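**Q** Before I ask anything, here is the structure I am working with.
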């Protein structure tokens with residue numbers, strides 16, 4: 001799993017975090033390099049690629065959903081509010097969170113288990129996921145849950161039990177004053193959805209270009225309508241992500 005973890009809280013005065021941000025994250029680049037004439041050049045730090053940042057963002061959201069599945073319902077409710085009763089948006093780019101929102105295949109499998117877990121009432125969701133996850137993904141799941149904030153990690157102590165609700169509440173109480181942890185996580189989930197919308201829009205734009213090249217006016221119009229719908233969804237998601245209050 002990626003060692004990079006996004007910061008837990010948003011800075012409302014800064015530009016929103018973009019999962020597909022191509023900027024290089026190079027620690028210490030502004031500090032200057034002290035070297036003597038005979039010293040060897042310092043090796044360049046590894047570049048954090050778009051693929052790595054996308055995986056980190058998805059891991060962060062999935063981790064929080066596993067710890068507190070109620071956040072999934074909060075995110076879905078926010079998406080429905082953004083759709084503003086538009087059938088095309090509700091059944092399209094602003095529909096409920098699904099495995100299609102995650103670009104990583106292993107995260108899709110884990111989310112699919114979580115969605116099944118919240119539909120049953122015999123086991124706590126996290127216990128259901130752990131009991132049914134493929135053995136090959138168990139290390140990924142454990143790593144995902146055990147790399148959360150130190151306070152939460154210590155309270156979990158490597159155990160997976162019904163205490164996760166109390167742990168989550170305790171974690172929120174110990175968070176920075178004035179920070180709404182649930183709201184922060186919901187916004188990050190919306191960012192993952194916006195990334196998916198952007199991916200789909202790029203695919204549709206390619207289809208529009210191909211249709212125009214082949215002089216298929218009907219296909220170009222149909223794809224154009226889809227593109228406009230994705231543009232609307234992207235705009236509303238951006239507004240929700242950057243808003244100070246819900």
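**Q** Does residue 56 satisfy the criteria of being modelled with pLDDT of 95 or more and part of a helix (DSSP H, G or I)?
**A** no
Residue-by-condition table, conditions (1) buried (at least 16 other Cβ atoms within 10 Å of the Cβ); (2) within 18 Å of the chain's Cα centre (by Cα); (3) modelled with pLDDT of 95 or more; (4) in a loop (DSSP other than H, G, I, E, B):
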residue: 15; (1), (2), (3), (4): no, yes, no, yes
residue: 34; (1), (2), (3), (4): no, no, no, yes
residue: 41; (1), (2), (3), (4): no, no, no, yes
residue: 73; (1), (2), (3), (4): no, yes, yes, no
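Okay, residues lined up against (1) at pLDDT 65 or above; (2) closer than 21 Å to residue 80 by Cβ:
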{"position": "99", "(1), (2)": "yes, yes"}
{"position": "109", "(1), (2)": "yes, no"}
{"position": "124", "(1), (2)": "yes, no"}
{"position": "131", "(1), (2)": "yes, no"}
{"position": "145", "(1), (2)": "yes, no"}
{"position": "178", "(1), (2)": "no, no"}
{"position": "183", "(1), (2)": "yes, yes"}
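**Q** Pairs under 7 Å by beta carbon, first residue at negative phi and outside any helix (DSSP H, G or I) in region 218-233, partner modelled with pLDDT of 95 or more and surrounded by 16 or more Cβ atoms within 10 Å (Cβ to Cβ), six or more apart or different chains?
**A** Every condition considered, no pair remains.
**Q** What tally of residues in region 97-122 results from selecting those that are under 22 Å from residue 55 (Cα atoms) and surrounded by 16 or more Cβ atoms within 10 Å (Cβ to Cβ)?
**A** Selection size over region 97-122: 14.
**Q** Take the residues of region 83-96 that are surrounded by fewer than 17 Cβ atoms within 10 Å (Cβ to Cβ) and under 18 Å from residue 199 (Cα atoms): which is farthest from the chain's Cα centre (by Cα)?
**A** Selected residue: 91.
The values are calculated or read from the model by the stated rules, or taken from the named source; none is laboratory data. All of these numbers come straight from a predicted model, not from anything done at the bench. Using ideal geometry, Cβ is built from the backbone for each residue, glycine included, and neighbour counts are taken over all protein chains shown.
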